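Notes for the one structure printed next.
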Amino acid sequence: MLKKIKAGFYHLLHPKISFFLTSISKDGRPNVMACAWAMPVSEDPPIIVVSVSKESYTSELIKQTKEFVINIPNKDLLKSLWVCGKTSGRDIDKFAKAKLKQIKSKLLRTPRVDDCIGYIECRLWKVVDSGECYAFFGKVLNVEVDDRYFKKGLWIKEAKIPLHLGGSRMVYFNDAE
């Protein structure tokens, strides 16, 4: 029997890959947040969209410097992902608080999160006002993946990518197999 849902319609589109979204200020101060709302919107040209709260420090930084990096972790970084999802980088260094190491991106000033298994470097193309969020459309400039976990264009079971189920619930990619 179908039941009408009054709120939380977006949960029907979960689980979503949980990732670190990195950004940087004009003066070079890096920031990292936990995020799960991203999707590709075009293959040619390669464009991805991330949805971020208008009130977040990350939104401010992406609008300032016009770049961001999607950093895909595996289960080894789950504790750090939780820290980055529960604090704001406006007043603290979330890299330090989450015990994350920064590494240089290939084409951007925005750093990457070390030990992730995938990276997508993006230059901001367009911002769309989307309710309480901004939808940041990024032109994909560089993509790199750990080939131990990505075979024939797919993540394999051993990748153990954290998936956000909604609220504070998580599961790992292919845990059920």
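Here, each number is a calculation from the coordinates, and none is a lab measurement. What you are looking at is a predicted structure, and each value in this text was computed from that prediction instead of being measured. No Cβ is skipped: glycine too gets one built from the backbone with ideal geometry, and neighbour counts run over all protein chains shown.
Putting +1 on Lys and Arg Cβ atoms and -1 on Asp and Glu Cβ atoms, find which of ILE70, LEU107, SER80 reaches farthest to the positive end of the dipole of the chain.
The listed residue farthest towards the positive side: SER80.
What's the center-to-center distance, using Cα atoms, between the range 5-38 and the range 123-157 in Å?
Centre-to-centre distance over Cα atoms comes out at 11 Å.
Subtracting the Cα-Cα distance from 0.36 nm times the residue separation, let me have the gained length for ASP147 to LYS3 in nm, one decimal.
On the way: separation 144, 0.36 × 144 = 51.84 nm, distance 4.26 nm.
Answer, rounded to one decimal: 47.6 nm.
As a test of the formula, what do you get for the chain when each DSSP H run with n ≥ 4 contributes -39,500 (n - 2.57) and the sum is divided by the residue count, at 222 nm and rounded to the nearest 500 deg cm²/dmol? Could you put the intermediate results ahead of the total?
Details: 3 runs with 22 residues, N = 177.
Dividing the helical sum by the residues of the chain leaves -3000 deg cm²/dmol.
Relative contact order (percent) for the chain, with alpha-carbon contacts under 8 angstrom and 6 or more residues of separation? Before the final figure, lay out the partial values.
Numbers: 360 pairs, mean separation 44.1, N = 177.
Relative contact order comes out at 25 percent.
Going by average Cβ neighbours within 10 Å, how do the peptides 85-96, 146-157 rank, with the highest at the top?
Numbers: 85-96: 15.0, 146-157: 11.8.
Result, highest mean Cβ count within 10 Å first: 85-96, 146-157.
Between their Cα atoms, which of LYS104/LYS157; LYS16/LYS152; LYS4/LYS94 are more than 31 Å away from each other?
On the way: LYS104/LYS157 28 Å; LYS16/LYS152 21 Å; LYS4/LYS94 39 Å.
Over 31 Å apart, Cα to Cα: LYS4/LYS94.
Given the Cα-Cα distance of SER88 and ILE47 and 0.36 nm per residue of separation, how much length would full extension add, in nm? Write out the running numbers ahead of the final one.
Values: separation 41, 0.36 × 41 = 14.76 nm, distance 2.69 nm.
Here the segment from SER88 to ILE47 would lengthen by 12.1 nm.
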